[in-house]
Structures are given as C-alpha cells and as structure tokens.
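The values are calculated or read from the model by the stated rules, or taken from the named source; none is laboratory data. From a predicted model like this one, the values you see are computed outputs, not experimental measurements. Cβ sites come from the backbone with ideal geometry, for glycine too, and all protein chains shown count toward neighbours. All accessible areas refer to the heavy atoms of the entire protein, side chains included, with ligands and DNA or RNA removed. Shrake-Rupley method; radii C 1.70, N 1.55, O 1.52, S 1.80 Å.
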Amino acid sequence: MTGAGSAAGATPAPGERALDILRSVFGYGDFRGLQRPIIEHVIAGGDALVLMPTGGGKSLCYQIPALVRPGLGIVVSPLIALMKDQVDALRQAGVRAAYLNSTLTAAEAADIEQAMRQGALDLVYVAPERLVTARCLELLARCRLALFAIDEAHCVSQWGHDFRPEYLQLSVLHERFPEVPRLALTATADGPTRSDILARLKLEQAQVFAAGFDRPNIRYRVVAKAEAKAQLLQFLSSEHQGDAGIVYCLSRRRVEEVAAWLNERGRVALPYHAGLDAATRERNQDRFLREEGVVIVATVAFGMGIDKPNVRFVVHLDAPKSLEAYYQETGRAGRDGLPADAWMTYGMADVTALLALLDAASLDERQRRIERHKLNALLGFCETASCRRQVLLGYFGEREHPSCGNCDNCLRPARVWDGLVAAQKALSAVFRTGQRFGVGHLVDVLRGELTERVQRFGHDKLRTFGVGTELDKREWQSVFRQLVAQGHLDVDVEGHGGLHLSESAPAVLRGEVPVAFRGEAAEPKLGRRRARGGERAAGLAALDGAASPGDEALWEALRARRLELAREQGVPPYVIFHDATLLEMVHRRPRDLGQMSVIPGVGRSKLERYGETFLALIAAAG
Ligand code: ADP
Ligand code: ZN
C-alpha cells in the first residue's frame, strides 16, 4: 500500500484515508476515544506518547498510520512469543506484515529483510535487542520508513516492574532516524513512568495523549478469604463455566497446588511460573491462547503482552503487591469490551505476607517509604466500603469519577459501623497479652474461648477475656485486618504474625480519634447475571439476556467453525474473529455478504475468506 503522506493534492485527506482503512481493512465503523487525533498526528509526522488502558485500542494507533504513510512501519515489541500471533492477526486482515526475531532461520530472516528493502511490507515487528544491532540499523537505513512504534514503552522505566535494559538503547532510533515519527505506547499510568519514557526515549517533543483509565466492563469484587480454593471453585462454576481466565497466586508452590486441584474438579487449568522450564511455559501459554475455556494459574510472571481478547475473569487468590500491579493484572480481562470479572479473595494472611515481602526487600529508607505507601493504598482498596472503581481511579489521579454501579460495593453497599469500642477492645487485648500474639488467639481471648493456649498463658484471667461476644469470629478477624490496614496495629512479620500497637493506637485507646469499620457481609450473592444458563457460555449471556435456545446452538456452531479454521491455519481462534464479532452475527443474523460486511470486525479480507462459511451456518440455523 503506498500512501500520499502529508502531501496535498487530488488524493483524499489523510484523515479520510485513515477512516477508509479502519472500515475496509479492520471492519470497524468508527474510531474510538483518542484514536482519531493520535492517528492524524502521527500521519502528519508527529511523535506521540499514547497512554491508554488495555483494550483501549492502541494497536490501530500505529497500524493505520503505517498503512497511510509511505514506507514501512517498525513495531518494537518485547515479547517474541506473541509476535507471531500479532502478525497472523494482521495477515488475516490482509495487511502485509512480518516479524524479525530469533525464532526465524537465517534464510527466513533474509527473505523478510529483502521484502523490507523492496517496500513489499507495511509493518514489521522487531525484538528490541535485535533492532539496536548495527546490522539491523543499517538495514533500516536502506528502507523507506513510515514510523517507529514502541509498544509496552513502560519497559524503559526502572520505576515499573517490567524493566528491560535493552529498551534504554532505543534512543538510538531518534539519533539515527530523526525524521521518522515515533510513538511510544503503554497502559501503565503513573507519573514517574511517564516522565521516564519521555526522557529515556528522547520523546521530549512528543505530544502526550492520555485516555481515561477506566475499564467500565470489568466488575471489581473483593471477598473475605475463608476457604480460598473452594470459594474459587464456587465462583468459577456459578459464573464462568467454559470461560477462559487467569488465577494469580503469590507463590509457585501455590500455583501448582491450585492448578492440580482445579484439574481434579474438571477444569482445564494449567500452571505458569518462573520455576517451570521455558518449553512448558510456552506450551501452557499457547494452549491458553489457542484453546477455548482454559484457566491459567500463575504467578505474576504471566501476562505481559497477552492480548487474548476474551479473558473473562482475572482472579487474585492472593492479594497483589500494589494497586499498580492489580490494575495491570486485572486489565488483562475483557479486552474485547464484553463483561469481565476481577475477583479477589483477601484476608489477614495476605496482609502479613505482603508486609513480610516488604520487610525482606533490600531498600533504602526513601524507597521503603514509597513501597509502604503503595501497600497502604492497596490495603485501603481492599477494605474500602466505597466504590472500588473510585478508589482505584483516584489512586491513578482520576478524581471525581461517579460511583460505578459495577463493583461489589456499588451493587451491594457495605454496612459501615462505628467501631471505636470494638477497636478499643481489640487493641487492649493486644496490649494485655503482651503484644506478641496473632489474630486467632486474640479472637479467642475476646470471645472468651477457654482453649488450651488461653489457659496455658493465663489469658482467661485478663480483663479483656470474654468482653467481645457481640461479634463472631469472622467479624473480629475483619476488625483486626482493618486495624492493620488503618495503621493502628503493626504485624511482626519475622515472628508468627504477632500484632503490636502502632504509634496511633494510644489515641484510639483514649477515644480521641473516630474509627469506622466496613461490615463483614455474608458472601455476596452477586454476579447471577451469567449464572442462569448453567453451562451457558458467558459471552452469549452478554447478549442483552435475550438469548433463545436457537441462539445458543448458533453461537456454539460459529465457535466450533472458528476453532476448526484456527486449527487448520495454526493461529488462535480470536485471530479469525473475536467473540464480539460472533455475538453480533448471532444477534443480527446477516443473510448475505452485504449484511455480513457491516458486522464489526469483518473487514474486506475476512469477508472474502470466511463470509460464505459463516453465512451458511447462520442460514442453517434458520
Ligand atoms: P490495546 O493494545 O490498547 O490493549 P487493542 O489494540 O488490542 O488494545 O484493541 C482492543 C480491542 O478493541 C481489539 O479487539 C480491537 O480489535 C478493538 N478495537 C480497537 N479499535 C476499535 C474501533 N475503533 N472500533 C471497534 N473496535 C476496536
Ligand atoms: Zn463501584
């Protein structure tokens, strides 16, 4: 595809070309959010930093300008394992795309390099370490270049958690090719990361495009941890039969245990953590991408760059390390814009584990304060009785967000109660038992349980013994957790989770500061929205609840055909059509190619390849 660039004349304006490509190649009716201004800015030759949430539509921001501008677009992407899928998806849409990385043979790479020099490609994905070699830079110097897109640009920052030293060398692009526009793209929001990207990639001249970070289709829920695995199974079977999703755990051992446990109960669950050899990791990731309904049980080692659009849930069986991590991990759910769940179980053990991690890290005083601040923000999110989305977005600087109506606290407002007296009882139990016992024992003392331990330490003789029968065990556990989250108690992480009073505790004991607690509700009976049909796929239930049995059969038939086509070509199913596209087919029942062509996600190339096949299935369904 050759373009007119910014030259004026008889050719259509770049903005129109862009819209035309959006419709004919990608099959979408209109731009979303900031896509149009970003694309126009880059087509005109400007540099840009694009901050957009996952699923916001970053890819088109460089793919379309690369097609409109003359020459070749180079995409820097850190994840070799995923390049093939990205390129396959473009080829399905009829775009001349390729990748250059270490998985190619020398002969294959040579062919692609030749095609690049001859102007036979529109987009080439390159691994960063390869791009900055002298050889590759010389190759680029002999190509006509449309733009550079630097994906996952936060990898250049040491501030975040995905730092990649090779990204630092990418500033060479500016030095060698000052006239070629560059875009850096990321879903990581915070200010320090943003300044790092601008400075280290020499993007000081870039225009910054920051979209709001809300992910309205994700429903946030935090439940008190009791029997985490059983709670997980209940969640999966009542809401996510047959759906694909990710379950995050803190340790490798726990990952293995949970994956095995789910398998025994009939779910296809695959482990993923840094302790597995590379081949196993790749195989498990591949099955997650290519099959339907696979659950990945993983440590945080899993997920960067995963752009499977139909991840229907992200579970945190253990609390994440920070709200940044939580936002990024949950952000992998629902890229396709259909309803998705972020569901966490959280308990005192999580608080202790996170404090222990922080304690063990070798950090200077300043860094430790920052980390402690981040941890407090996370605990605040877990314990809040207000809208979770407000808390989350507020942390990333988006204040004034209205309550969302799509989190547990909005859907089922938590009771907030005046907890001063309970707090005083809890704190004095800590004090009188010598500030070294954990929650279990303290609750026994408060509730007047004559356990062996209580008797051994003579704690039945204390004034606090039995003063707390008004709350049950679970409620007291919640009180202690919230006292830690509010900073009135500290946890001795080296011992056995023993609690001691913090600096602010005496003021509470004297009744000088108010204390409020979030009421511990019974396990919320939420999310029945998708539970109705039992085995029914969640995606279909997203069809405005109007799904008839005939719809269900058609949906299954379309999915089965898609999987067949994907297998034949060795690509993931979503590269053929997204769930959202199949849902529209069920919904609108197109009768001919003309009607099929206006289904979102059906571009010219896919219409030619698959239009008739899918029309036949729809016609057969009546
Ligand atoms: P990101 O890289 O920001 O996470 P993607 O580029 O993968 O997001 O896009 C997310 C989803 O949104 C994809 O399924 C993509 O096809 C879809 N999408 C992007 N732009 C549009 C648009 N203008 N109209 C409809 N769907 C879009
Ligand atoms: Zn809410």
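Find the lysine pairs in the chain meeting two conditions, Cα atoms under 16 Å apart and a separation of 8 or more places or different chains, and report how many there are.
So the count of such lysine pairs works out to 7.
Per DSSP H run of n ≥ 4, the term is -39500 (n - 2.57); total these for the chain, divide by its residue number, and report the mean residue ellipticity at 222 nm rounded to 500 deg cm²/dmol.
Counting only the DSSP helices, I get -13500 deg cm²/dmol.
Could you compute the FRET efficiency for SER251 and HIS373, with r as their C-beta to C-beta distance and R0 at 22 Å, rounded to 0.05?
That gives a FRET efficiency of 0.35.
If you roll a 1.4 Å probe over the chain with all protein chains in place, what percent of the accessible area is carbon or sulfur?
Accessible surface attributable to carbon and sulfur in the chain totals 50 percent.
Leaving ligands, DNA and RNA out of it, rank ARG481, ARG194, ARG17 by accessible area with a 1.4 Å probe, largest first.
Ranking ARG481, ARG194, ARG17 by accessible area, largest first, yields ARG194, ARG17, ARG481.
Indicate the gyration tensor shape class of the chain (rounded, prolate or oblate), computed on the Cα atoms with a ≥ b ≥ c the square roots of the eigenvalues: a/c under 1.5 is rounded; otherwise a/b larger than b/c is prolate and the rest oblate.
prolate
Go through ALA224, ALA44, VAL247 and say which Cα lies farthest out towards the positive end of the charge dipole of the chain; charges sit on Cβ, +1 for Lys and Arg, -1 for Asp and Glu.
Of the listed residues, the answer is ALA224.
Suppose R0 equals 22 Å. What FRET efficiency, 1/(1 + (r/R0)^6) with r the Cβ-Cβ distance, do GLU138 and GLN205 give to the nearest 0.05?
0.30
What do you get for GluC sites (Glu not before Pro) in segment 147-226 restricted to DSSP loop and a cutoff of at most 14 other Cβ within 10 Å of the site's Cβ?
Taking segment 147-226 and a limit of 14 other Cβ atoms within 10 Å, the loop GluC sites (Glu not before Pro) found are GLU179, GLU204.
At what distance in nm do the modelled label points of ALA274 and ALA619 sit from each other, each positioned 7 Å from its Cα along Cα→Cβ?
Distance between the two pseudo-spin positions: 5.6 nm.
I'd like to compare 337-343, 304-310: which one has the highest average count of other Cβ atoms within 10 Å, and what's the full order after that?
337-343, 304-310
Residues of segment 4-210: accessible area per residue at 1.4 Å, in Å²?
Heavy-atom accessible area per residue stands at 38 Å².
Report the calculated FRET efficiency for ARG23 and GLU512 (r = Cβ-Cβ distance, R0 = 51 Å), to the nearest 0.05.
Result of the calculation: an efficiency of 0.20.
Between SER238 and THR105, what is the spin-label point distance in nm, taking each point 7 Å from the Cα along the Cα→C-beta axis?
5.5
When a/c reaches 1.5 or more, the comparison of a/b and b/c decides; with that in mind, is segment 20-59 rounded, prolate or oblate per its Cα gyration tensor?
Taking the square roots of the gyration eigenvalues as a ≥ b ≥ c, segment 20-59 is oblate.
Using θ = phi - 60° and the Karplus curve 6.51 cos²θ - 1.76 cosθ + 1.60, what whole-Hz ³J(HN,Hα) does each residue of segment 162-178 get, with Gly and Pro shown as x?
10, 4, 10, x, 5, 5, 4, 6, 5, 4, 4, 4, 5, 5, 7, 10, x
Shape of segment 352-487 from its Cα gyration tensor (a ≥ b ≥ c, root eigenvalues): rounded if a/c is under 1.5, otherwise prolate when a/b > b/c, or oblate?
oblate
Taking the Cα-to-Cβ direction at GLU449 and at LEU358 and moving 7 Å from each Cα, how far apart do the two end points lie in nm?
2.8
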